[in-house]
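Take a look at the structure below.
The values are calculated or read from the model by the stated rules, or taken from the named source; none is laboratory data. Here the structure is a predicted model, which means the values were calculated and not measured. Cβ atoms come from the backbone with ideal geometry, glycine included; neighbour counts cover every protein chain shown. Only protein heavy atoms, including side chains, enter the accessible area calculation; ligands, DNA and RNA are left aside. Shrake-Rupley method; radii C 1.70, N 1.55, O 1.52, S 1.80 Å.
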Amino acid sequence: MACPPNINPWLCEKLKQMGVINDPPGSPSGPVLNLLIQIEPNASNDVIATLKKMGLSPSQPFFFNQFIEVSAPATLVPAIAQVPGVVKVNYNMPVSIPSVSASFTIPPFPVLPQAPMNPPPSVSPLASNDKFIPTSVARQVMGLPEDSTLRKTLIAVTDTGGPWPFHPQVQGLEEVAMSFVPFEPSPLDGHGHGSWCTTAAMGKEANTTYGKVRGASTAGNKVIFAKVLSNLGMGNTSWIIKGMEWAYLQGAKVISMSLGGEPQGGVDDDPFCQVINALYKVGVYTVIASGDSGPSLWTLDSPGFCPNALTVGAYVITDNDISWFSSNGPSANWYKEHPQQWNEDYAKYGDLIVKPDVVAPGGGRKQENLKPWEYIYSGCMGYFCGTYSGSLMLGYPYEGLMGTSQATPLVAGAVALAFDRGKVRSIDDVKRRMRAAWGKEKDPRWGWGLLKWQVIAG
């Protein structure tokens, strides 16, 4: 049986495996699923009222009245899809920090077998041959200018939260922050990943054990961050979309997103891509990690596989090559499993759908068995900080990490600086200039190559 057009195809395949699509509509049984429902904005009250009559408890609408979230038995999904005003029923997909930076992954769907644990490589903080590269050196590799203070452009980081205001790299700056994690009301980072990404994108210069750290850009007077992942590094699609909406309302021009999950169908189906497209149309641009599921091809995460995102892979300075863990294109595994849809979407989007777009310093090595590993070093506050810092001082507010998570805020800061200096008018300018400098077919590992200031600044 064909999937109804207003049930997400990824979700529909899972429901077919359960036998749900063929069940009589409205029979309330089966596992309870967390759903993300896209709706017509002017129909939100009617949709919510109908769902309540079905015995459900939908959320208030968000992202400009275009989405609601609700938990419902799997067998009710076909009936929900038939509610007038419902555009598409999606799964509220779990999202997490890419796996090299996180301690585990989470299963994407409750009825599937449990996903195997995917821990980061075993690394001793005392290993003498670990190579810690401060962000000031990463800036030099990217050719970023000395004058990097943002005068009018704002970056927002959506992650596990941001650094406490007394951290040397944000001290004296106004912090504009909000938590979208229901059980963690403080937006401050208890993990460490979000504060690392914030300081790498826009932190002030500071001296550390391994030299000076400094963001790709420097916040002029305001640091914006949304806590959309818990202190365990986990979240879901709805939290992140709410954080993206909030970032737009705070005036952010660039949103840095070092996170990902399993794509839900192709780029025209995935709810993240719908949100990114809407922001793109109003001149707000997303810079997103490709993921840490390499070295195989077809390993892109969502939202990194969305055409209007600027998607970032990880580059190893030591090897002048791509990190072994960096997720490679041409896109996500969904397209590998659905080649006809890939051909159709490639014909529609061209090389904008081939990912990543660019790479930037992210640590690691070109092969996992090579030593020493590179770590990119920046400010960090949270329980994860100090584990790989090379320092025995508890609470030392800096950390060496590796991952596409580390490459992403460096690119976000560089792109924000290009906007701030009037060098580019849209993310399309960045892509066009990188494409022209690359001068050949876009590569599923390199994209259009290492992001360089002299290229994007014209």
Sites Trp164 and Ser296, calculated FRET efficiency, Cβ-Cβ separation with R0 45 Å, nearest 0.05 | 0.70
Taking all pairs of different Cα atoms in the chain, averaging 1/r and flipping that mean, what Kirkwood radius in angstroms comes out?
-> 21.9 Å
Rounded to the nearest whole Å², what accessible area per residue is found for region 286-440 with the 1.4 Å probe?
-> 32 Å²
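Quick one: order Arg151, Arg139, Arg445, Arg432 from most to least accessible surface, probe 1.4 Å.
Ranked list, largest accessible area first: Arg151, Arg432, Arg445, Arg139.
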Cα gyration tensor, region 248-297 - rounded (a/c under 1.5), prolate or oblate | oblate
Got the relative contact order for the chain handy, in percent, Cα pairs under 8 Å and 6 or more residues apart?
-> 17 percent
Return the subset of Lys253/Lys423; Lys222/Lys452; Lys204/Lys281 for which the Cα-Cα distance in this structure is over 22 Å, preserving the input order.
-> Lys222/Lys452; Lys204/Lys281
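For region 173-254, report the convex hull volume of the alpha-carbon atoms normalised per residue, in Å³, without decimals. Don't skip to the answer; put the middle values down first.
On the way: hull volume 8.4 nm³, N = 82.
Convex hull volume per residue, Cα atoms: 102 Å³.
Return the carbon/sulfur percentage of the accessible area of the chain, one whole number, probe 1.4 Å, all protein chains in place.
Here carbon and sulfur together make up 53 percent of the probe-accessible area.
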Return the lysines within reach of Lys88: Cα separation strictly under 19 angstrom, same-chain partners fewer than 8 residues apart disregarded; answer none if there are no such residues.
-> Lys14, Lys16, Lys52, Lys242
Which value in nm describes the separation of the simple spin-label points at Gln140 and Asn45, placed 7 Å from the Cα toward the beta carbon?
-> 6.2 nm
Going through the DSSP H helices of the chain, which span 20 Å or more along their own axis at the Cα atoms while scoring at least 0.5 as a mean Kyte-Doolittle hydropathy?
-> 404-420
Rounded to 0.05, the calculated FRET efficiency for the beta carbons of Asn369 and Lys281 at R₀ = 60 Å is 0.85
Taking the Cα centre of region 199-291 as origin, work out the dipole magnitude from +1 charges on Lys and Arg Cβ and -1 charges on Asp and Glu Cβ, in debye rounded to 20.
-> 580 debye
Distance in nm between Asn129 and Tyr383 label points, each 7 Å along Cα→Cβ, equals 3.2 nm
